[in-house]
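Only one structure is covered here, and it is reproduced in the block below.
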Number of protein chains: 2
Amino acid sequence: MKQYKVAVLGATGAVGREMIKILEERNFPVSELIPLASARSAGSVIPFRGKDVVVREVTPDCFGGIDIVLGAAPNKLAKEYAPHIVAAGAVFVDNSSAFRMDENVPLVIPEINPEDALKHHGIISNPNCSTIVSLVAVNALNKISPIQNMVVSTYQAVSGAGAGGPVELTEEVTAINEGRPVEPSVFPYQIAFNLIPQIGNFTENGYTAEEMKMQNEGRKILHLPELLVGCTCVRVPVYRSHSISITLRTETPISVADAQKAISEAAGCRLVDNPEAKEYPMPIDTSDQDIVFVGRIRKDLTSENGISLWCCGDQVRKGAATNTIQIAELLIK
Amino acid sequence: MKQYKVAVLGATGAVGREMIKILEERNFPVSELIPLASARSAGSVIPFRGKDVVVREVTPDCFGGIDIVLGAAPNKLAKEYAPHIVAAGAVFVDNSSAFRMDENVPLVIPEINPEDALKHHGIISNPNCSTIVSLVAVNALNKISPIQNMVVSTYQAVSGAGAGGPVELTEEVTAINEGRPVEPSVFPYQIAFNLIPQIGNFTENGYTAEEMKMQNEGRKILHLPELLVGCTCVRVPVYRSHSISITLRTETPISVADAQKAISEAAGCRLVDNPEAKEYPMPIDTSDQDIVFVGRIRKDLTSENGISLWCCGDQVRKGAATNTIQIAELLIK
């Protein structure tokens, strides 16, 4: 089997570290792993297949001979290094939002639009974490009847803000227990025992950038250019796994039984929908997994063609790292 | 000024205690306070206006001479004692859900339908906590153009489950910190760092009783018999104040500016809606207050006539105890 030189850009962050873990877990054919980070983190070591691999400083000319670069760096760095990665002949599978809406860049969830990955010109984008979890959950319904619109409220875990998010939540809980003042730095306000209805910056229409991703990325991934999504994104004091409340309207009505059957058979989903037995998705049950749990499926009471559901998925894994590796797997098939 | 003999049924629970605190705070004209509870709690004392008042055991014949009974007891007890309260000539302002949908019982939010309170036949019901917080927020919009439907996702604090809720959250956080197993009893699962998408029992249509209250009680309070509400109720690890994400559709479109103006002028509301300055409602800011904070007001992207908003309110106070006392105030006006 062919082996690949794989670099991880932003290897020391929460998503970068998870990517390396998942490369090992999924036995991706890596001939050499090249963890890349800023000068500050260069020289540290990362375990991979039982050995310590030294983190190198990313530079414009460091990509020679590399086959695949997995991007786990902020937009600014993704934009800065993308031309160098492409010029060196590597494929850049990027988890930042820098290129997601670029019409020359495929935006891919392997369970939904794997064929788009092969149309790349050197860059493939990984969608937003909440978008991945939501679309994996609703894709099976879209296949029965096209989704026209969705009203979405998210319950997003602190790990979505990077490695500092969980640390800040733990510190705040401890401070509160010890009667010390809470001093937020990752989040704009205290997140322990609180909710923050802002993720990302606000755009002109009053929605945050995070909220608009659900519509913009959803249109591109599902190939539904007219899709309308009204989203409210909220940070909650949960360590890991995003949860999402979705009410969607399809072109023609879908029964609850048909929706449950379709979701139970859909790739990447697990139907957890037995209310009588108190079985429904919860974030503590989906953490450290790649499957999106879907439940609470019922007819929307406000629309003939509506279905409501609740889904949870680990946004560091399926919402970011795993999805990126899955895209890389499509490339080497 | 006339003084009233006021009893509190369920005086030792979370809502009962809050009612007594609020009677004192609002200087309700109480000639005598009579805290009532089960035999188990009888004999304990509750502070009121600087004195300790002894809790009495509730019995069918204990209501003679009482003017107003504030109900903070479960449905079963409310149903058991209501006939005795009414027969004794007292007015029963009940926070349980036992009589809310009874057509002979007014269901009242004083900021919305105070006139209904005066049509009582001995019993007045206090609405569900999430319903109160939501309707106080949207009532001003309903006055501009009637609300036709609402898609609602709640983020409900643990104190909504009674005094044991916050205790359980604290115990679980401590257990997790100390590496001990979590043993839920108030909630069906761990609530610390988790979300539970079930509040109340499930009904035939897949919605919980709590979720259906938003539509059923909303219709009665707003006098909108055709109102459609699709609700998802979720317990979150927040001590106090429920938060609610609402997307509503009105008969004719309402502009964001008009919605903001109406809400800023509405009784019981505070407009907290300056996203650029990171000003939006959060549960830590609304706890121990009676005002519902409303913000994140923006056009719904899925419907011409839609508005989305986010609101937070203290469900123990405005969502329960304060609203009950406000109803009693209407009676003595």
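A cut-off of 5 Å between modelled amide H atoms, ignoring neighbours fewer than 5 places along the same chain, links A:Glu279 with A:Asn274. Below 22 Å, Cα to Cα, which lysines can B:Lys76 reach? Residues fewer than 8 away in the same chain don't count. B:Lys76 reaches B:Lys213. A:Val294 sits among other residues whose Cβ lies under 11 Å from its own Cβ, and their net charge, with Lys and Arg +1 and Asp and Glu -1, is +1. The relative contact order of segment A:1-158, computed from alpha carbon pairs under 8 Å that lie at least 6 residues apart in sequence, is 17 percent. Sorted fewest first by neighbouring Cβ atoms within 10 angstrom, A:Val272, B:Val229 come out as A:Val272, B:Val229.
Compute the distance from the alpha-carbon center of segment A:4-26 to that of segment B:241-264, in whole Å. Segment A:4-26 and segment B:241-264 have Cα centres spaced 44 Å from each other. If a/c stays under 1.5 just call it rounded; otherwise compare a/b with b/c (prolate if a/b is bigger, oblate if not). Do that for segment B:131-315, with a ≥ b ≥ c from the square roots of the Cα gyration tensor eigenvalues. Since a/c reaches 1.5 and a/b is larger than b/c, the shape of segment B:131-315 is classed as prolate. Counting, for every residue in A:230-240, the Cβ atoms of other protein chains within 10 Å of its Cβ and taking the mean gives 6. Oblate is the label for segment A:256-300, because a/c, from the alpha-carbon gyration tensor with a ≥ b ≥ c as root eigenvalues, is 1.5 or above and a/b does not exceed b/c.
Counting, for every residue in B:278-286, the Cβ atoms of other protein chains within 10 Å of its Cβ and taking the mean gives 4. Of the trypsin sites (Lys or Arg not before Pro) found in segment B:200-231, not one falls in a DSSP loop while having at most 16 other beta-carbon atoms within 10 Å. Sparse packing (at most 13 other Cβ atoms within 10 Å of the Cβ) combined with a DSSP loop state is found for the following trypsin sites (Lys or Arg not before Pro) in segment A:77-155: A:Lys119. Counted over the protein assembly as shown, the DSSP beta bridges are approximately 50% antiparallel. Of all beta bridges that DSSP places with both ends in chain B, some 50 percent have antiparallel geometry. Taking the label point 7 Å along Cα→Cβ, A:Leu224 and its counterparts in the other copies are spaced 2.5 nm apart, in ascending order.
The separation of segment B:56-75 from segment B:145-164, counted between C-alpha centres, amounts to 29 Å.
Taking a ≥ b ≥ c as the square roots of the eigenvalues of the alpha-carbon gyration tensor, segment A:149-192 is classed prolate because a/c is 1.5 or more and a/b outweighs b/c. For chain B, the pair-distance distribution built from all alpha carbon pairs, in bins 20 Å wide starting at 0, is 31, 57, 11 percent.
Distance from the alpha carbon centroid of segment A:273-333 to that of segment A:100-125 works out to 21 angstrom. Label-to-label distance for A:Ala163 and B:Asn274 is 3.7 nm, based on points extended 7 Å past Cα in the beta-carbon direction. Overall shape of the protein assembly as shown was characterised from the C-alpha gyration tensor. The equivalent ellipsoid obtained from it has semi-axes of 50, 26, 21 Å, in decreasing order. Taking the DSSP bridge list for segment A:131-315 and keeping only pairs wholly inside it, about 75 percent are antiparallel.
Qualifying GluC sites (Glu not before Pro) in segment A:181-232, where qualification requires a DSSP coil assignment and no more than 14 other C-beta atoms within 10 Å, comprise A:Glu204, A:Glu226.
Averaged over peptide B:52-63, the number of partner chain Cβ atoms lying within 10 Å of each residue's Cβ comes to 0. List residues of segment B:295-322, by number, whose backbone nitrogen lies under 20 Å from a label position 7 Å along Cα→C-beta of B:Ser264. Once the point is set 7 Å along Cα→Cβ of B:Ser264, B:295-300, B:307-312 turn out to lie under 20 Å by backbone N, inside segment B:295-322. Between A:Pro83, A:Pro181, A:Pro275, the Gaussian network model of chain A with springs among Cα atoms under 10 angstrom shows the greatest mean-square fluctuation at A:Pro181. Using the Cβ of A:Ser241 as centre and a radius below 15 Å, the other residues enclosed give a net charge of 0, where K and R count +1 and D and E count -1.
Using a 7 Å projection from Cα along Cα-to-Cβ, the label point at B:Glu183 is separated from the same position in the remaining copies by 3.8 nm, smallest value first. Straight-line cross-link reach from A:Lys333 at under 22 Å between alpha-carbon atoms covers these lysines, not counting any fewer than eight positions away in the same chain: A:Lys2, A:Lys5, A:Lys21, A:Lys119, A:Lys318.
All of the numbers you see were taken from the coordinates with simple rules; none came from a lab. Because the structure is predicted, anything quoted here is derived from the model rather than measured. Here the Cβ is made from the backbone with ideal geometry for all residues, glycine too, and neighbour counts use every protein chain on show.
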